[in-house]
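Undergrad: Mind looking over this structure? Questions follow.
Nothing in this text is a laboratory measurement; each read-out follows from the coordinates by a stated rule. A quick note: this is a predicted structure, and the numbers were derived from the prediction, not measured. Every residue, glycine among them, receives a Cβ derived from its backbone with ideal geometry; neighbour counts consider all protein chains shown.
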Amino acid sequence: MEKQHRIDCHTHIVNQKIKDAYYQNPGGYAIIMEFLPQFANAQMPDESWQLAAEDERLFLSPCIDIHQDIPAQLAAIEEKMLARPECGVVGLKIFLTYQKGRADDEKMMCIYEFARRYGLSVTYHTGLPSLHLPTDDDMEGSSAKYVRNVAIAYPDVNFIVAHLDDPRFDECIEAMHGLPNMYSDFSGTFEPGASAMEDIEQTIRAYDRAIHLYPDAYRQILYGTDFCPPIALSAFGEYDETIRQIFTPDQFEDIYWNNPLRAFPKLAGILREKGIIK
């Protein structure tokens, strides 16, 4: 699949070192999920805004710290993205599980109003956290069923339930069913030491079973890698192989390209303005 054009909807290419590692692989366009401040450190500085501004292959989803003043953060993001359109802001990232809270908490509504105003997509971490990052471990709060509630309330905003709400794969697909503004991915699967890696073939079978609960569910699945070598997330070929096992060849273009363009309309608009897509 090296020649497959692709949009990686979930990466943490937050600094030059990670970017260099990413593009040693057959990477195409990629969306950077900015880190929470407590995730970044001297060994892993977050330079997301600058990287996105300097490379037309990269787009950005700034993160929202839901334990801090949300309106103030939105105002800061608004100021930066309007002043620097070259940063290619296409979404927002919320780190549920790591931060206690639910997608449908009242304090979150201003995020979705902001996303609607600017045509941004909202990505949540859902399910199990990384073994390498500090976490509130609020698994219940990150459930896809709460994302479903806001997807119904905001039908003109797209919501991405990252990681298929690991390990609640069936429940995630059920939550998305009938809501064309909900999407998911299985990024982050190949983290050494994670429960999914204990029996990777069993994990892929569980993905396969969940995704095939409905014949059209493949239209809501996105290609994403969660690429971030400093936290042991550097798999590439494994995702291609997983896609080969779950989807039919005529669906590959949807997973790698068409679905990401629909999930991130702001990104599609940027590529359209550049004449890359019609």
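Undergrad: What dipole magnitude, in Debye to the nearest 20, does region 191-259 give about its Cα centre under +1 on Lys/Arg Cβ and -1 on Asp/Glu Cβ?
TA: Details: 4 positive and 13 negative charges, 30 e Å.
Value, rounded to 20: 140 debye.
Undergrad: Run the helix sum for the chain: -39,500 (n - 2.57) per DSSP H stretch of 4+ residues, divided by residue count, reported at 222 nm to the nearest 500 deg cm²/dmol.
TA: On the way: 10 runs with 92 residues, N = 278.
Here the helix-only value at 222 nm equals -9500 deg cm²/dmol.
Undergrad: Here's something else I'd like to know. Report the gain in length on full extension from Gln245 to Met197: 0.36 nm times residue separation, minus Cα-Cα distance, nm rounded to one decimal.
TA: On the way: separation 48, 0.36 × 48 = 17.28 nm, distance 1.64 nm.
Working it through step by step, the gained length comes to 15.6 nm.
Undergrad: Cα-Cα pairs above 25 Å in region 7-273: how many percent? Intermediate values should be presented prior to the final figure.
TA: Values: 13421 of 35511 pairs.
Across region 7-273, Cα pairs with separations above 25 Å total 38 percent.
Undergrad: Find the relative contact order for region 95-171 and round it to a whole percent, using C-alpha pairs within less than 8 Å whose residues are 6+ positions apart. Mind dumping the intermediate values first?
TA: Working: 124 pairs, mean separation 32.4, N = 77.
It comes to 42 percent, rounded to a whole number.
Undergrad: Give the order of Glu238, Glu273 when sorted by the count of other beta carbons within 10 angstrom, beginning with the fewest. Could the numbers behind the result be given before it?
TA: Values: Glu238 14, Glu273 9.
By the 10 Å Cβ count, ascending: Glu273, Glu238.
Undergrad: In square nanometres, what is one fourth of the surface area of the convex hull spanned by the alpha carbons of region 154-219? If you can, show how the numbers build up before the last one.
TA: Numbers: hull surface 17.5 nm².
Hull-based average projected area comes out at 4.4 nm².
Undergrad: Is the shape of region 197-278 rounded, prolate or oblate, going by the alpha carbon gyration tensor and its root eigenvalues a ≥ b ≥ c, with a/c under 1.5 for rounded and a/b larger than b/c for prolate?
TA: Because a/c hits 1.5 or more and a/b fails to exceed b/c, region 197-278 counts as oblate.
Undergrad: With r as the distance between the Cβ atoms of Ala76 and Asn41 and R0 = 22 Å, compute the FRET efficiency 1/(1 + (r/R0)^6) and round to 0.05.
TA: Efficiency computed from Cβ-Cβ geometry: 0.55.
Undergrad: Which pairs in the list Lys80/Lys145; Lys107/Lys278; Lys17/Lys107; Lys19/Lys274; Lys3/Lys145 are over 27 Å apart, alpha-carbon to alpha-carbon?
TA: On the way: Lys80/Lys145 32 Å; Lys107/Lys278 38 Å; Lys17/Lys107 36 Å; Lys19/Lys274 23 Å; Lys3/Lys145 36 Å.
Lys80/Lys145; Lys107/Lys278; Lys17/Lys107; Lys3/Lys145, as the Cα separations exceed 27 Å there.
Undergrad: Please sort through the DSSP H helices of the chain and keep those with an alpha-carbon extent of at least 18 Å along the long axis and a Kyte-Doolittle average not below 1.6. Numbers along the way, then the final one.
TA: Values: long enough: 70-83 (20 Å, 0.69).
Helix filter hits for the chain: none.
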